[in-house]
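Here's the structure we're looking at; comments come further down.
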Amino acid sequence: PSAEELNQMMEQYIPPQQAATEGEIITGRIVAISDLGVVVDIGRKSEGLILAQEFVTDQPLPFQSGQTIEVQLTDEHKEGYVVLSYQRAHRKRVWTNLEKAYHEKTTLTGRVVDRIKGGLVVDVGVRAFLPASQADLRPVHDLEEWKDREIEVRVLKLNRKRGNVVVSRRALLEGDQQAQRSKLMDTLAEGQVL
C-alpha cells in the first residue's frame with residue numbers, strides 16, 4: 001500500500017479525540033512564556049494562550065516550560081491561539097475541594113491574611129471568614145497577633161454563588177478535646193488512685 005493508503009488505514013484505528021468545549025477544564029503542557037502570556041500545548045492544531053493579564057502581580061510567574069497545568073477553555077482567540085484561563089480552572093478546582101471538605105468534614109490548612117470586624121480572613125484558596133468566636137475554645141481578645149499564622153480549619157458554611165466561606169478552628173479543637181476526654185474515660189476505673 002502507498003503512504004497515503006497507510007495514513008488512511010491508521011486514521012481508522014486512532015480513536016477520534018473528543019473536541020473539548022468552552023468552559024471545560026483540560027490539562028496542557030507549558031511550551032513557552034512570553035510577554036503575551038503563557039503558551040500551552042493542549043493537544044490541538046493550535047496551541048493555547050493564558051493571557052499575561054491573568055498574572056498582574058509583582059510576583060514572578062509560578063510556572064516554567066515543560067510544566068503540566070490545568071486550564072479552562074474559553075471561546076476567545078488571540079493571535080492564532082485559543083485563549084485559556086488558568087485562574088478560572090484554579091478557582092473551579094478550589095471550590096470543588098472546599099465543597100468536598102465541607103461535606104466530608106475534613107480539615108483544611110489556611111493562612112490568616114487579615115483582621116476584620118468580627119474575626120479574621122483565612123486564605124484557603126479563597127478568602128474565608130473565621131468569626132472571632134470560632135478561633136479558639138475560649139474567647140480571643142487580640143486577633144491582631146494571628147496575622148500570617150498557618151492554621152487548620154473546618155468549613156462551617158459555604159455559598160459558591162456568593163463566594164462566601166465561613167470556617168472554624170474551634171470545631172476542630174472541640175473534636176480533639178472530645179476524643180481526649182473519651183480516651184481518658186476509657187482508662188479510668190472505679191477505685192483507681194490518680
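Assorted remarks:
- Qualifying residues in the range 155-194 (those that are touching a residue at least 24 places away in the same chain (Cβ under 8 Å), open to solvent by 60 Å² or more (accessible area, probe 1.4 Å) and of a type in the set (S, T, N, Q)) - the one farthest from Leu130 (Cα to Cα): Gln177
- Here the range 129-145 is the region considered, the condition is being over 12 Å from Val167 (Cβ atoms) and touching a Lys or Arg at 6+ places or on another chain (Cβ under 7 Å), and the residue that is surrounded by the fewest Cβ atoms within 10 Å (Cβ to Cβ) is Glu144.
- Residue within the range 79-90 that is within 21 Å of Ala171 (Cα to Cα), buried (at least 17 other Cβ atoms within 10 Å of the Cβ) and either in contact (Cβ under 8 Å) with a residue 12 or more places away in the chain or under 16 Å from the mean Cα position of the chain (by Cα) (or both) present: no
- Asp136 being among the charged types (D, E, K, R), under 26 Å from the mean Cα position of the chain (by Cα), outside any strand (DSSP E or B) and more than 21 Å from Val94 (Cβ to Cβ): yes
- Qualifying residue in the range 149-162 (condition: of a type outside the set (Asp, Glu) and assigned to a helix (DSSP H, G or I)): no
- Looking only at the range 46-75, and only at residues there that are touching a strand residue (DSSP E or B) at 6+ places or on another chain (Cβ under 7 Å) and aliphatic (A, V, I, L, M), the one that is nearest to His90 (Cα to Cα): Val71
- Any chance Val122 is touching a residue at least 40 places away in the same chain (Cβ under 8 Å), open to solvent by less than 40 Å² (accessible area, probe 1.4 Å), over 30 Å from Ser133 (Cα atoms) and not basic (Lys, Arg): no
- Of the criteria (1) open to solvent by less than 60 Å² (accessible area, probe 1.4 Å); (2) under 21 Å from the mean Cα position of the chain (by Cα); (3) not hydroxyl-bearing (Ser, Thr, Tyr), which one Gln53 fails: (1)
- Exclusive hit being touching an Asp or Glu at 6+ places or on another chain (Cβ under 9 Å) and either at pLDDT below 85 or closer than 29 Å to Trp95 by Cβ (or both), set Gly37, Gly43: Gly37
The values are calculated or read from the model by the stated rules, or taken from the named source; none is laboratory data. Owing to the predicted nature of the structure, the values given are computational and were not obtained by experimental measurement. Positions of Cβ are generated from backbone atoms using ideal geometry, with glycine treated the same way; all protein chains shown enter the neighbour counts. The accessibility values were calculated without ligands, DNA or RNA, using every heavy atom of the protein model including side chains. Shrake-Rupley method; radii C 1.70, N 1.55, O 1.52, S 1.80 Å.
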